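Asks: Please see the structure below; I have some questions.
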Amino acid sequence: MSIISLLFFITLQITTTYSTSTPQTNNLNPAELQQKYYNPKLPPRVFTTSNKYEGSSELVHLRYHMGPVLSSPININIIWYGKWTPPQKLLIKDFILSISATHRESASPSVSEWWRTVTLYADQTNSNVSRSVLVSGEYVDHLYSQGTHLTRLTIQQVIANAVKSAPFQVNHKNGIYLILTSSDVTMQDFCRAVCGFHYFTFPSMVGYTLPYAWVGNSGKQCPEVCAYPFAVPGYMGKGGPGALVPPNGDIGVDGMISVIGHELAELASNPLVNAWYAGEDPTAPTEIGDLCEGLYGTGGGGGYIGQVMKDRVGRTFNLNGRRARKFMVQWLWSPVLKACAGPNALD
């Protein structure tokens, strides 16, 4: 996940002039809209007569490069690196398990509806990304086996230790690893160039080629970058809409949720970095999450996150999950719409 586009997005929050505009209602009555939808300074429609702002473009050449996607049920092995509280772990697992939740378990717009965009991606055998996502194992590295500063190489050693020590099985076809580092752990390029990333392990280090993703808790290091819009840079002052209230009261972990969603979507559609991405350089691909970074709702773009929802106590969100959880998760690029898409769209 690149920070370059995110920093550009935050800068635009300062330089863009905003005005309040009446949002589209999508068959909601005015009372429902007033209670539920939050519209932080919708920008004026000055560049186009289209109702869509969300990154739609015929210039985006997202192409398939003949590699596999995660078409079998996706088994996620979580590695908790550092100090994590039980509520933090439960919140993250509730998000992951919400991906496969039924409509009875979570109201619309839901996390499972959001994942449907990912399932539109298929490989050369016409097998689509799986709708089934499970937490199949957990490993706790609370002793910081590789220290409190990690690199892209030492993160592979963390995985190697987990593979050797943990009860979860090595699964080459549909097993992936999700390494989550606590707020006191620094990572190479964290906060400067990345908020999370995904890749695959080297057999020379781990013994196997296994897709993995890493996401860090930015709560104490750079929440204004990696947990935006729940924290904003000090230089923004009063030039933007201000920080939004996180849906679960934890700026660091609520910010991680969107990054985890971003990385899981890209890992599922491009697990070995040879499937779905834009650009010609596989070492720096532009993937389905990168194309929609910073967009959370209808009208998003040009430095505006889009229309999201707000509950009665002011917490902002755009997706519902299992056990009545609420989350704020960025949109993803749809190969059908050729635009960023999410289930909370109002147009």
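The values are calculated or read from the model by the stated rules, or taken from the named source; none is laboratory data. For clarity, every value in this text was computed on a predicted model and none was experimentally measured. Every residue, glycine as well, gets a Cβ built from its backbone with ideal geometry; the counts of neighbours run over all protein chains shown. Each accessible area value is taken on the protein alone, full model and side chains, heavy atoms only, with ligands, DNA and RNA left out. Shrake-Rupley method; radii C 1.70, N 1.55, O 1.52, S 1.80 Å.
Asks: Criterion first (more than 14 Å from residue 75 (Cβ to Cβ) and touching a residue at least 24 places away in the same chain (Cβ under 8 Å)) does residue 204 satisfy it?
Replies: When the stated conditions are applied, residue 204 does not pass them.
Asks: Among residues belonging to the range 151-186 that are in contact (Cβ under 8 Å) with a residue 60 or more places away in the chain and open to solvent by 10 Å² or more (accessible area, probe 1.4 Å), point out the one that is farthest from the chain's Cα centre (by Cα).
Replies: Per the stated criteria, the residue is 166.
Asks: Further question: Take the range 297-329 and flag every residue that is open to solvent by less than 10 Å² (accessible area, probe 1.4 Å), small (Gly, Ala, Ser) and closer than 21 Å to residue 259 by Cβ.
Replies: Of everything in the range 297-329, those that are open to solvent by less than 10 Å² (accessible area, probe 1.4 Å), small (Gly, Ala, Ser) and closer than 21 Å to residue 259 by Cβ turn out to be 297, 300, 303, 306, 321.
Asks: Moving on. Might you check whether a residue that is in contact with a strand residue (DSSP E or B) (Cβ under 9 Å, 6 or more places away or on another chain), closer than 25 Å to residue 89 by Cα, open to solvent by 10 Å² or more (accessible area, probe 1.4 Å) and polar (S, T, N, Q) occurs anywhere in the range 330-340?
Replies: No: the range 330-340 contains no residue that is in contact with a strand residue (DSSP E or B) (Cβ under 9 Å, 6 or more places away or on another chain), closer than 25 Å to residue 89 by Cα, open to solvent by 10 Å² or more (accessible area, probe 1.4 Å) and polar (S, T, N, Q).
Asks: Continuing with this model, one more query. Being touching a residue at least 60 places away in the same chain (Cβ under 8 Å), in a loop (DSSP other than H, G, I, E, B) and not β-branched (Val, Ile, Thr) is the filter here, so list the residues in the range 297-316 that pass it.
Replies: Across the range 297-316, the qualifying residues are 299, 300, 302, 303, 306, 307, 311, 312, 314.
Asks: I've got another one for you. Just to be sure I understand, how many residues within the range 90-107 are open to solvent by 50 Å² or more (accessible area, probe 1.4 Å), assigned to a loop (DSSP other than H, G, I, E, B) and at pLDDT 95 or above?
Replies: Qualifying residue count for the region: 0.
Asks: Here's something else I'd like to know. Which one is surrounded by the fewest Cβ atoms within 10 Å (Cβ to Cβ), of the residues in the range 191-205 that are farther than 23 Å from residue 67 by Cβ and in contact with a helix residue (DSSP H, G or I) (Cβ under 8 Å, 6 or more places away or on another chain)?
Replies: 193
Asks: Which residue, of 281, 254, 250, is among the charged types (D, E, K, R) and either within 30 Å of residue 124 (Cβ to Cβ) or at pLDDT below 95 (or both)?
Replies: Only one candidate passes the filter, namely 281.
Asks: Would you be able to say whether some residue in the range 111-118 is part of a strand (DSSP E or B) and either of a type outside the set (A, V, I, L, M, F, W, C) or surrounded by fewer than 19 Cβ atoms within 10 Å (Cβ to Cβ) (or both)?
Replies: Among the residues of the range 111-118, not one is part of a strand (DSSP E or B) and either of a type outside the set (A, V, I, L, M, F, W, C) or surrounded by fewer than 19 Cβ atoms within 10 Å (Cβ to Cβ) (or both), which makes the answer no.
Asks: Among the strands (runs of 3 or more DSSP E) lying completely within the range 153-256, list those that include at least 1 residues that are of a type in the set (A, V, I, L, M) and out of contact with any Lys or Arg (no Cβ under 9 Å at 6 or more places or on another chain).
Replies: 175-181, 211-216
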